[in-house]
Each structure stands twice: as structure tokens, then as C-alpha cells.
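For reference, the structure is listed below as C-alpha cells.
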Amino acid sequence: MIRILDITLKDLMQLLRDAKTFMFLLIMPVIFTFLFGYAFGGFSSGDSDSRLPVGFISQDDHWITDSLHDLLLKSEVIRLDENIFVSSADLEKQVADGDLAAVILVPDGYGRALLKDKAARLIVIADRNTSTWTTIEAELLTLTSRIDGAVRTATIIEQLDVEGIPFDYAFERSLSAWDEPPIGIEETTSLAVEKTSNQSGLTHTAPGMMLQFAIAGLLTAAQVIVSERKTRTLQRLLTTATSRVHIVLGHYLAIFLMIFTQFIILILFAQFILKVDYLRLPAATLLVAFSAALCISALGLLIGILARSEEQAIMFSLIPMFVFAGLGGAWVPLEVTGPAFQAIGHLSPVAWGMDGFENIVARGLGLNSVMLPAAALIGYAAVFFILAVERFRKVEL
């Protein structure tokens, strides 16, 4: 055990002296997390108004018109764009230029006409050949029908001469009844999903870049093993009481500690700086990080043993990085691809790591949801480690 730890400590000291270690394991993941997160909207505030901008001019000074105006202000479809210094001609030009979706003009006498049960029409300027107009028209019909229904209800109550219920009160109560319907639908969302909804870009990008550059970081780890073989350090070790098993385990432990430490640092960075909620389930996050570190470390060990030169170590590190990261959904979520590509993508261990982390930070799932990804990663780790051991046994040093 002492010999294994000595080799591990020697590797770690050698890796920490190499600037490329910090670049690939910490600096590059942070930089690319910001770049990809910005590209996928992960830093947007989530406060943008998606309602359709509609100009509004009222030529009618009546309290019924004021009620219609209040309904339009509360609309979830229309956003009133009001400016008392802009004429109807100016607003019409804005519609033509595409700056406004429509213009609503309330003519003089609109409110009085409704009270007298006469035809009351709004003037709307819009391009009627677009789907936007269909949406605005439906919203206007809904809101004006509410006003008309409230007027009719209040008129009937007034004609019945119900004591203590004046017209104004009946109108307001009828109108407010739309806000409190007898039957309603309540939509609830998982608290975890709700917390991450505005960070959807980062909940994908943060684990993706972390996994991708963990593989890239194997470049320096693999070069350590190659360098030992070239300088005949391994041969000298074997002349001592150190066996090949000690050498393999020592190198593997060093790579594992390096990758696992990288995961912990980047997880804490994402948690407290980027607000990606890894610590919602600390045990689940730790399990996925531990399993991914086992897998990637075994891959690094295999690369180091297979490579015969530093150039091969670089090539053998970068090719898996691009292949596994691209197939595994580190760049683009596998959910947006077809079933066939998703199945192929899960041949990559990165896909299982992405599943585990995203189940925690993006999908709001529990500890059970990371068991399968963790098992798959451990399975890959076992395969890579066995291949590395078998290859090392046959290598002539």
C-alpha cells in the first residue's frame, strides 16, 4: 500500500507542476461553460415580456372604456404600448414597420353605446394575413365579451330593481367574477424544476463542459506514464519490490484524485457562482461525480499505457474527448435528437454522466434517478481498467 501511495504522490506532484493540468481541468471548463451558457441563454434574466406589443389610443372619456383599458393592461397576450404624444398615423406606421403587432383605437361614444345596448365597435389596425392578428383578435373578442356581459348583467339586475345592488356595483362584481371562476385549473411544477427553469442553459452546459475537459485533462496524466517509460523509470521501479500491480494502482489513484478534485471544484463553482443547484441532492451529485471520475480515470490509465509517445498521448486524449463529448450530448442535449442518435449517444460514457447530473439539476429527480447512470459509469470504468491492466501485463518495458 505504501508503494502505491508513493507512486500516487509522485504523479500528483508532477501533474501539479504542469500548467496544462490547470488549463484543461479548471480554466478551460470555466471559460467554455460561460461561452456555451451564454449561447444557450443560461445568463438571461428571464424577465423578458413575450406579450404582443399593441398601440392604444382612446377617444372616449367613459368609465366603461376605462374598464376595458384595465382588462387590456392585465392581458397575458397583449402588452399595451401607450404614448399620448404619438398620433394614430404614427402608430399605423409602426404596425407597417413591424414595431407593433396592432393598434387599438377606441372611438368616441364607445362606452355610451354599450350602456344603451347599441353596436359598439373598436377600430383595430393590423395585418390580417398573419397568425399574430388571429391571436390578437381572439383576445380582443374575449375581453370585449366580458365587458358586454358585465353591462348586460348589471342592466338586468337594475331592471329587476333589486334593492341595495346599484348598476355600478353589479357591473364590477360581474366583471371580477371572471377572475374567480367557479371551476379552475391549477398547474403545479416541481420546485426543483422551477428553480432551474431560468438556468436551463447552464444546467446542461456546466456538467457538459466539466465532463468534456475531464477527458481532455487526461492528456497530461497519460504523458506522465509515457514519460516514465521513455526515461526508463518504470523499468527501475520493477527492479525494486514494486510490482506491476502497484504501478497500475498508483497511477490510477493519482488520475482519479485529480479528476475527482476537478469535479468537486467545478461543482462548487457552478453551485455558488452560476447558481446551478448541484447541492439540491448532495449524495446524488457526489455519487455521479465519483462514478464519472472512476470511469474517466480508467480511460486515462488505458491511454497512458497504450500511447508510446507524447504525440500519441495527445492524440489518444483529444480523440475520445471530441467523440465521447459530441456523441454523449455535452454540446447539444440528446433530448433534441432522434431516438436512434440517443441510443448511439449512450454508447458514450459522457451520456450517462450527463444523465446523472441533469437528473439532479435540470429535471428535479431524486436519488434513484442517478443509480442507473452511476452503474453504467462504473461498468465503463471496470472495462477500461481491465483493458489497461491486460495491456500493461503484455507491455515490454
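List of remarks:
- Scanning the stretch 180-189 for any residue that is of a type in the set (Gly, Ala, Ser), modelled with pLDDT under 70, in a helix (DSSP H, G or I) and farther than 28 Å from Glu311 by Cα turns up nothing.
- First in the stretch 299-314 and under 16 Å from Thr21 (Cα atoms), second anywhere and at pLDDT 85 or above and part of a loop (DSSP other than H, G, I, E, B), Cβ under 7 Å, 6 or more apart: Ala313/Ala307
- First in the stretch 222-235 and within 14 Å of Gly300 (Cα to Cα) and free of Cβ contacts under 8 Å to residues at least 60 places away in the same chain, second anywhere and surrounded by 22 or more Cβ atoms within 10 Å (Cβ to Cβ) and of a type in the set (D, E, K, R), Cβ under 9 Å, 6 or more apart: none
- Extreme residue, surrounded by the fewest Cβ atoms within 10 Å (Cβ to Cβ), among residues of the stretch 202-237 that are touching an Asp or Glu at 6+ places or on another chain (Cβ under 7 Å) and over 30 Å from Lys394 (Cβ atoms): His204
- Take the conditions (1) within 19 Å of the chain's Cα centre (by Cα); (2) modelled with pLDDT of 95 or more; (3) of a type outside the set (Asp, Glu); (4) surrounded by fewer than 19 Cβ atoms within 10 Å (Cβ to Cβ); Ala283 misses just one of them, which is (1).
- In the stretch 117-143, the residues that are more than 13 Å from Ala96 (Cα to Cα) form Cβ pairs under 9 Å with partners that are basic (Lys, Arg), at six or more places apart or across chains, as follows: Asp117/Arg152; Lys118/Arg112; Ala120/Arg112; Thr134/Arg128; Glu137/Arg128.
Listed here are the residues, each with its yes/no results for (1) more than 18 Å from Ala206 (Cβ to Cβ); (2) without any contact (Cβ under 8 Å) to a residue 24 or more places away in the chain; (3) buried (at least 20 other Cβ atoms within 10 Å of the Cβ); (4) not polar (S, T, N, Q).
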site: Val323; (1), (2), (3), (4): yes, no, no, yes
site: Pro333; (1), (2), (3), (4): no, no, no, yes
site: Gln342; (1), (2), (3), (4): yes, yes, no, no
site: Val361; (1), (2), (3), (4): no, no, yes, yes
site: Leu372; (1), (2), (3), (4): yes, yes, no, yes
site: Val389; (1), (2), (3), (4): yes, no, no, yes
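- Conditions (1) under 37 Å from the mean Cα position of the chain (by Cα); (2) under 30 Å from Phe167 (Cβ atoms): number failed by Leu68: (1)
- Yes/no for Gly379 being under 22 Å from the mean Cα position of the chain (by Cα) and among the small types (Gly, Ala, Ser): no
- The sole residue among Arg308, Arg244, Arg232, Arg280 that is touching a Phe, Trp or Tyr at 6+ places or on another chain (Cβ under 7 Å) and charged (D, E, K, R) is Arg244.
- Among the residues of the stretch 92-121, those that are farther than 17 Å from Arg79 by Cα and among the aliphatic types (A, V, I, L, M) comprise Ala96, Ala113, Leu114, Leu115, Ala119, Ala120.
- Residue within the stretch 159-169 that is among the aromatic types (Phe, Trp, Tyr), free of Cβ contacts under 8 Å to residues at least 24 places away in the same chain and farther than 17 Å from Leu73 by Cβ present: yes
The values are calculated or read from the model by the stated rules, or taken from the named source; none is laboratory data. These figures come from a predicted structure and were not determined experimentally. All Cβ positions, glycine included, derive from the backbone under ideal geometry; neighbour counts span all protein chains shown.
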